[in-house]
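Below is one structure, written out as structure tokens; comments come after it.
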Amino acid sequence: MSATIFTYRLRPPVGLEKTLMKELKSLNLVNSKPRKLTGRKIIEVQGPEESLWKMMHKSRIAEDIQVRMTQPFRARGEKELEQNLEKLPWHCYLPNPQQQQEHMFKMPQTRAKTHSSKLYHTQLIRDILIKSMTEIQIKRDFKISLLKGMNGKGPQNMPYKQFKKQWLEKKERKEQDDIDRRVKEKIQESDDEEENTIDIDGHTIESTQIESEGKGRRKIKTLDEIKAELKSKIEFKKNLKTISRIQINIVKDRGEILVGTSYEDLHKHGYKPFVRWGVLKETLTAACILESNIIAKANHTGKLYLWDPFCGSGSFLIETLMMILEQPVRNFDGNLPFQYWPVHQREQYEKFKEELNDYQKMVKKDQIDIQIIGSDVSQKAIETSIKNCDHSDIEKLIQRGLVAPRLRGFINNPMIFSSHWPKYSYDENGEAATSVLMDFKQTDRNQLLSLYQGDFQSIGSQLASLTENFQDFTILTNVPYGEQSKEKQRHTDTDLQNIYRRFGKFIRNYPSLEKNTFVLAQSHHYGHKLSFEKFSNCGWSKELNFSNGGLSVHLLKFDMSQVSEVKQTLQAYKEIAAM
Ligand SMILES: C[S@@+](CC[C@H](N)C(=O)[O-])C[C@H]1O[C@@H](n2cnc3c(N)ncnc32)[C@H](O)[C@@H]1O
């Protein structure tokens with residue numbers, strides 16, 4: 001384990017700080033504490049580099065992870081900021097001379113934020129930061145050259161200004177040399193091809209023409225040379241390695257530097273590349289699953305029974321399966337920026353990733369009875385869910401014995417388009433057949449995840465008879481709401497009210513669904529024309545409140561004991577109105 005202890009700053013989705021804390025606790029990252037900074041709540045975690053790997057590949061809720069470089073420092077003016085930036089441990093995060101020899105690096109992206117401070121111009125702050133980061137590298141090389149000079153191994157010392165000029169020129173030359181080398185390679189490749197050239201007015205001329213025009217004329221590049229040069233420049237830029245983004249915050253004249261650990265926000269877990277309208281971000285999906293306690297309940301009872309009647313792209317279904325199996329998130333094949341930090345422990349990280357992907361070492365849940373069902377009125381939604389199930393390699397998890405599908409009844413209705421996991425139909429090469437014809441004479445089937453296309457009510461009433469009226473089941477769903485639902489499905493307000501009304505009526509029929517039904521709906525006040533709570537006519541307790549693509553939503557738990565509270569509130573409203 002590394003001796004260096006870092007301070008990590010995690011960004012939860014807005015409103016989900018407590019849920020992220022809960023998740024970190026379950027990952028044994030207990031030394032975490034929430035903090036409120038410039039209007040946004042963040043969570044700080046202290047730990048070695050291993051903690052970062054764990055959060056990066058196991059936290060399903062964190063949306064960004066940064067490292068805070070040192071304690072905040074004074075920055076009451078440009079000079080003070082410059083001086084204090086110089087004292088920071090950049091050598092831990094910016095490529096060292098040996099790395100610079102191996103690769104060429106881009107200057108890191110920078111961002112500046114300022115609040116209640118004398119330095120209020122963010123562009124000026126960024127300029128100082130960039131200058132400081134460049135100078136750090138030059139000064140480091142200058143020191144090395146001084147040492148070499150003192151040991152008699154290098155040239156005589158020169159003043160810093162001259163050294164800096166030469167350093168920058170050398171860097172520029174190195175870049176140009178690299179581009180020229182590529183151009184030469186490209187030209188050689190196309191040597192055999194016919195050479196067309198263009199003159200300065202853009203007309204195509206024969207190469208022999210240039211030769212005969214003699215000296216005194218500007219050298220005209222061949223078309224191939226121009227093309228090769230452009231391509232090389234693009235390639236050169238593409239090959240530059242990208243290092244961590246650097247953010248500077250100045251709050252009340254105190255500065256702090258934050259170093260990014262990923263190139264993009266972390267809300268993608270890698271299981272769901274196919275999306276439809278209304279899709280929930282993976283971080284939000286995971287938060288709802290965690291708060292609905294499906295996983296804890298399954299680990300305790302040995303049963304994971306879930307139905308999402310408005311499943312869309314299958315977010316809740318796939319993420320639940322991955323969560324129970326503690327499957328890693330963001331299994332990046334490429335590099336992450338922290339892998340270029342000179343302090344990064346490369347070998348240990350590779351070992352950590354290897355273990356994470358080793359099926360032998362993965363969590364096995366073959367003792368848990370898993371029955372995950374998704375349904376949606378839209379056939380396109382079901383097809384998207386199928387593609388996502390295929391992409392997330394569910395069949396591999398079954399083949400490796402991490403989960404076990406069991407024989408059980410399925411909806412055997414020709415009017416309902418259905419697809420099951422795993423697909424037990426193989427072609428002559430032993431490959432799973434892409435399209436599986438349903439055998440409607442069959443009454444049961446080896447399954448773990450099923451998808452049906454149809455209205456929730458017609459699917460639900462058939463599921464009820466197959467599941468002893470939803471015994472031990474949890475419903476977790478994201479009902480239609482918002483402008484997208486109106487646009488994409490032409491839902492009028494009355495349609496939505498009817499869906500909510502029918503849904504409420506449906507779940508009230510099944511006592512086992514009480515306290516086991518979780519609905520994500522748009523938050524409106526109770527009297528609103530699209531209030532899910534009002535039209536469903538059930539009691540609901542609010543479990544979570546957060547923002548989904550700019551809409552304020554809440555996760556509600558079906559709880560009839562809340563009804564009296566609502567009635568009392570309504571009575572109170574009426575009494576106030578009558579006063
Ligand atoms: C908000 S989206 C669900 C998004 C999903 N959680 C995801 O992440 O992809 C609502 C879904 O409800 C479906 N829907 C609308 N009316 C329905 C009905 N009467 N029965 C079943 N599904 C319905 C829509 O086709 C849509 O896919």
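The values are calculated or read from the model by the stated rules, or taken from the named source; none is laboratory data. Keep in mind it's a predicted model, so treat the numbers as computed, not measured. Counting neighbours? That spans all protein chains shown, and the Cβs are built from the backbone with ideal geometry, glycine included. The area values use the complete protein model at the heavy-atom level, side chains included, leaving out ligands, DNA and RNA. Shrake-Rupley method; radii C 1.70, N 1.55, O 1.52, S 1.80 Å.
Annotation note: trypsin sites (Lys or Arg not before Pro) in the stretch 62-96 located in DSSP loop regions with a Cβ neighbour count of at most 11 within 10 Å are Lys87. The modelled label-to-label distance for the pair Asp559/Gln188, using points 7 Å beyond Cα in the direction of Cβ, is 7.3 nm.
Placing Glu169, Glu533 in order of accessible area, with the largest value first and a 1.4 Å probe, yields Glu169, Glu533.
Here the label points at Ser465 and Ser512, each 7 Å from Cα along the C-beta direction, are separated by 1.6 nm in the simple model.
Annotation: amide H-H contacts under 5 Å for Gly255 (H modelled 1.01 Å from N, sequence separation of 5 or more, or interchain): Phe73, Arg74, Ala75.
Each Cα pair of the chain feeds into the Kirkwood radius, which the Stokes-Einstein equation turns, at 20 °C and 1.002 mPa s, into a diffusion coefficient of 75 µm²/s. Placing His300, His391 in order of accessible area, with the largest value first and a 1.4 Å probe, yields His300, His391. Taking amide H as placed 1.01 Å from N in the peptide plane, the amide H of Val14 sits under 5 Å from that of Ser547, each at least 5 places away or on another chain.
P(r) tail, the stretch 282-578: Cα-Cα pairs separated by more than 29 Å, 41% of all pairs.
If R0 is 51 Å, the Cβ-Cβ spacing of Gln98 and His121 corresponds to a FRET efficiency of close to 0.90. With the simple spin-label model, which puts each label point 7 Å out from Cα in the Cβ direction, the Ile144 to Asp493 separation comes to 7.0 nm.
Calculate, for Asn545 and Ile226, the FRET efficiency according to 1/(1 + (r/R0)^6) with r their C-beta to C-beta distance and R0 41 Å; round to the nearest 0.05. Show your work: numbers first, answer last.
On the way: r = 58 Å, r/R0 = 1.42.
Efficiency computed from Cβ-Cβ geometry: 0.10.
In sequence order, the stretch 89-106 has phi-based couplings of x, 4, 4, 7, 10, 9, x, 8, x, 5, 5, 5, 5, 6, 10, 9, 10, 7 Hz under the Karplus curve 6.51 cos²θ - 1.76 cosθ + 1.60, θ = phi - 60°, and Gly or Pro positions carry x. Here are some pairs, Lys87/Lys241; Lys131/Lys171; Lys281/Lys380; Lys25/Lys58; Lys186/Lys227; which of them have Cα atoms lying more than 21 Å apart in this structure? Correct reply: Lys87/Lys241. Largest accessible area first, the listed residues Leu258, Leu466 line up as Leu466, Leu258 when surface is computed with a 1.4 Å probe on the assembled protein chains. Karplus-derived 3J(HN,Hα) values for the stretch 282-297, using 6.51 cos²θ - 1.76 cosθ + 1.60 with θ = phi - 60°, are 4, 5, 6, 4, 4, 4, 5, 5, 4, 6, 7, 6, 4, 5, 4, 5 Hz; glycine and proline are entered as x.
At 0.36 nm per residue, minus the direct Cα-Cα distance, what do Arg74 and Tyr263 gain on full extension? Give it in nm, one decimal, please.
This chain segment gains 65.2 nm when fully extended.
For GluC sites (Glu not before Pro), no site in the stretch 64-142 is both called loop by DSSP and has at most 11 other Cβ atoms within 10 Å. Annotation note: trypsin sites (Lys or Arg not before Pro) in the stretch 89-191 located in DSSP loop regions with a Cβ neighbour count of at most 14 within 10 Å are Lys106, Lys118, Lys153.
Listed values for the stretch 228-242 are Karplus-derived 3J(HN,Hα) couplings in whole Hz (6.51 cos²θ - 1.76 cosθ + 1.60, θ = phi - 60°), namely 4, 5, 4, 4, 5, 5, 5, 4, 4, 5, 5, 7, 5, 7, 9, and x replaces Gly and Pro.
Using unit Cβ charges (K, R positive; D, E negative) and no other charged atoms, how large, in debye to the nearest 20, is the dipole of the chain about its Cα centre? Display every interim value, and only then the final one.
Details: 90 positive and 77 negative charges, 588 e Å.
In debye, rounded to 20, the chain gives about 2820.
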